[in-house]
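*Asks:* Can you read through this structure? Questions will come right after.
The values are calculated or read from the model by the stated rules, or taken from the named source; none is laboratory data. Just so we're clear, the structure is a prediction, and the values are computed from it rather than from any experiment. No Cβ is skipped: glycine too gets one built from the backbone with ideal geometry, and neighbour counts run over all protein chains shown. Calculation scope for accessible area: heavy atoms of the full protein, side chains included, ligands and nucleic acids excluded. Shrake-Rupley method; radii C 1.70, N 1.55, O 1.52, S 1.80 Å.
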Amino acid sequence: MRALYFEEHGEPSRLIVGERPRPDPGEGEVLVRVRAASLNHLDLFVLRGLPAIPVELPHVGGADGAGTVAELGEGVTGWRIGDEVVLNPGLWCGKCEFCARGEESQCVRFGIVGEHVNGTFAEYVKVSASSLAPKPAALSWPKAAAFGLTFLTAWRMLMTRARLAAGESVLIHGIGGGVALAALAIAKRVGASVFVTSSSDAKLARARELGADHALNYTSCDVGREVRSVTGKRGVDVVVETVGAATWMSSLRSAAKGGRIVTCGATSGANPTEEVRLIFWNQLSILGSTMGSRTDWQAMVRAVEDWSLRPVVDSVLPLASGRAAYERMAAGVQFGKIVLEMPGGSSGTGQNGS
Ligand SMILES: [Zn+2]
């Protein structure tokens with residue numbers, strides 16, 4: 001099968017488009033014919049090499065994908081050949097105390113497709129049958145491939161962890177990233193007022209078109225001070241943190257009394273200064289969040305259908321241009337998701353969907 005893979009860690013120049021063996025689905029597994037897959041920052045980190053997570057080389061990246069069921073492993077029920085599906089990128093053991101509790105993203109052996117095992121940047125991927133969901137019918141293949149990881153992450157952050165309610169206010173740093181855009185879409189549907197930040201006026205203008213109520217350029221203002229000024233010194237109820245060191249102090253300063261700061265990442269650095277006085281005096285809750293449980297996944301996929309949530313797609317490139325896709329991600333110029341289409345991926349249903 002055609003695949004985008006690497007034999008050595010490094011920059012996107014290490015990527016190869018070529019033939020890899022087609023995986024064989026084992027017990028409880030399904031082989032999916034991938035129609036489209038999308039990039040996440042994680043893919044770049046895996047390509048460059050994560051010291052804590054050794055991968056077997058050659059390695060195929062890609063956590064997100066959508067396609068059709070091509071082959072069923074032993075014991076798989078509930079799916080038929082040809083079913084159109086989207087993939088939950090999480091991997092869990094199904095046996096530990098956290099899995100037993102239905103908290104799969106707290107699994108002691110939690111992993112991610114394309115990180116711990118070969119991923120979706122190929123014509124075929126092998127996944128657990130329990131990680132499939134029916135593809136939302138209204139979505140094109142590129143959009144169906146573009147919401148899994150980011151919407152799951154944002155869903156758990158806002159709905160499960162921060163318990164966002166209508167009428168509340170949210171601050172989302174770094175609009176343009178996939179999780180930030182997913183959080184914007186979900187928060188607006190819940191009925192929250194949303195502040196977004198970026199260094200790019202063009203990204204802020206796009207975010208306003210998508211419903212952001214307040215757009216702050218952090219290169220020309222103090223975000224914490226600006227949020228307090230707009231809210232009559234009150235601050236916001238919820239802060240969505242994906243950036244880490246560079247934004248942490250403004251997150252603490254932007255949160256209202258009793259505010260919740262929910263963090264899922266630290267792309268700018270993992271060790272910010274901590275102003276403990278702000279945490280206790282304002283009675284803030286700091287909430288960690290990673291990916292999502294199966295319940296989160298099912299609720300999120302249902303919301304994509306019922307609330308007409310749509311991922312923002314930055315660009316759609318053929319698998320053969322995989323290196324250019326990674327380079328675009330590395331440059332950080334994208335607004336929304338970068339999608340790869342597999343050979344023959346444009347055939348099938350859903351292409352003219354929204
Ligand atoms: Zn487990």
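*Asks:* Along the Cα→Cβ direction, 7 angstrom out, place labels at W307 and M1. What is the inter-label distance in nm?
*Replies:* Distance between the two pseudo-spin positions: 3.2 nm.
*Asks:* Same structure again: Given H placed on each backbone N at 1.01 Å, which residues far from A70 in sequence or on other chains put an amide H within less than 5 Å of it?
*Replies:* It is L31, V32, R33, G82, by chain and number.
*Asks:* Which one of K233, K337, K203 has the biggest mean-square fluctuation once the chain is modelled by GNM with Cα springs under 10 Å?
*Replies:* It is K233.
*Asks:* Using a 10 Å cut-off on Cβ atoms, rank the peptides 177-187, 273-283, 259-269 from the highest mean neighbour count down.
*Replies:* Numbers: 177-187: 26.0, 273-283: 11.5, 259-269: 19.3.
Per-residue mean Cβ counts within 10 Å order the peptides as 177-187, 259-269, 273-283.
*Asks:* Carbon and sulfur: what percent of the stretch 24-76's accessible surface (1.4 Å probe)?
*Replies:* After summing per-atom areas, the C and S share lands at 49 percent.
*Asks:* What full-extension length gain, to one decimal in nm, is calculated for C93 and V17 as 0.36 nm per residue of separation minus the Cα-Cα distance? Before the final figure, lay out the partial values.
*Replies:* On the way: separation 76, 0.36 × 76 = 27.36 nm, distance 3.14 nm.
Stretched fully, the C93-V17 segment lengthens by 24.2 nm.
*Asks:* On the Cα set of the chain, report Rg and Dmax in Å, please.
*Replies:* Cα-based Rg and Dmax for the chain come out at 19.9, 61 Å.
*Asks:* In the structure displayed, which of K188/K337; K233/K337; K188/K257; K203/K257 lie more than 26 Å apart, Cα to Cα?
*Replies:* The answer is K233/K337; K203/K257.
*Asks:* Determine the shape class of the stretch 278-331: with a ≥ b ≥ c the square roots of the Cα gyration tensor eigenvalues, call it rounded for a/c under 1.5, and otherwise prolate if a/b is greater than b/c, oblate otherwise.
*Replies:* Oblate, because a/c is 1.5 or more while a/b does not exceed b/c.
*Asks:* Let me ask something else about it. Starting from the eigenvalues of the Cα gyration tensor, five times each then square-rooted, give me the equivalent ellipsoid semi-axes of the stretch 76-222, largest first, whole Å.
*Replies:* Values: eigenvalues 205, 68, 44 Å².
So the three semi-axes of the stretch 76-222 are 32, 18, 15 Å.
*Asks:* Something else now. Amide H to amide H under 5 Å from L340: which residues, 5+ apart in sequence or cross-chain, H placed 1.01 Å off N in plane?
*Replies:* A37, S38, L39, L317
*Asks:* Could you identify which residue out of S229, S289, S254 has the top mean-square fluctuation in a GNM of the chain using Cα springs shorter than 10 Å?
*Replies:* S229
*Asks:* Relative contact order of the stretch 123-227, please, whole-number percent, based on alpha carbon pairs below 8 angstrom and at least 6 residues apart.
*Replies:* 20 percent
*Asks:* Quick check for you: with a 1.4 Å probe and neighbouring chains kept, what is the accessible area per residue of the chain, in Å²?
*Replies:* 42 Å²
*Asks:* Could you pull out every one of the aspartates and glutamates with an alpha carbon less than 13 Å from that of K95, ignoring same-chain neighbours closer than 8 positions?
*Replies:* Counting by Cα, and skipping residues close in sequence, K95 has these aspartates and glutamates nearby: E103, E104.
*Asks:* Rounded to two decimals, what is the ratio between the C-alpha radius of gyration of the stretch 17-98 and 2.2 N^0.38 Å?
*Replies:* Working: Rg = 14.6 Å, N = 82, 2.2 N^0.38 = 11.7 Å.
That ratio works out to 1.24.
*Asks:* Now for a separate question. Given the DSSP H assignment, sum -39500 (n - 2.57) over each helix run of at least 4 residues in the chain and divide by its residue total; what's the result at 222 nm in deg cm²/dmol, nearest 500? It would help to have the intermediate numbers written out before the result.
*Replies:* On the way: 11 runs with 90 residues, N = 354.
Estimated from H runs of four or more residues: -7000 deg cm²/dmol.
*Asks:* Moving on to the next point. Each residue of the stretch 2-13 in order: what ³J(HN,Hα) in whole Hz does its phi give by Karplus 6.51 cos²θ - 1.76 cosθ + 1.60, θ = phi - 60°, with x for Gly and Pro?
*Replies:* In residue order, the calculated couplings are 6, 8, 9, 8, 9, 9, 9, 5, x, 7, x, 4 Hz.
*Asks:* Once whole DSSP H runs in the chain are found, which of them have Cα atoms spread over 15 Å or more along the helix axis and a mean Kyte-Doolittle score of at least 0.5?
*Replies:* Membrane-span-like by this criterion, though nothing is claimed about a membrane: 178-190.
*Asks:* Find how much the distance from S229 to I53 grows on full extension, using 0.36 nm per residue of separation minus their present alpha carbon separation; answer in nm with one decimal.
*Replies:* Between S229 and I53, full extension yields an extra 59.0 nm.
*Asks:* Under a cut-off of 16 Å between alpha-carbon atoms, report the aspartates and glutamates in cross-link reach of K143, not counting same-chain residues fewer than 8 places apart.
*Replies:* Excluding near neighbours in sequence, the set is D64, E84, E305, D306, D314, E341.
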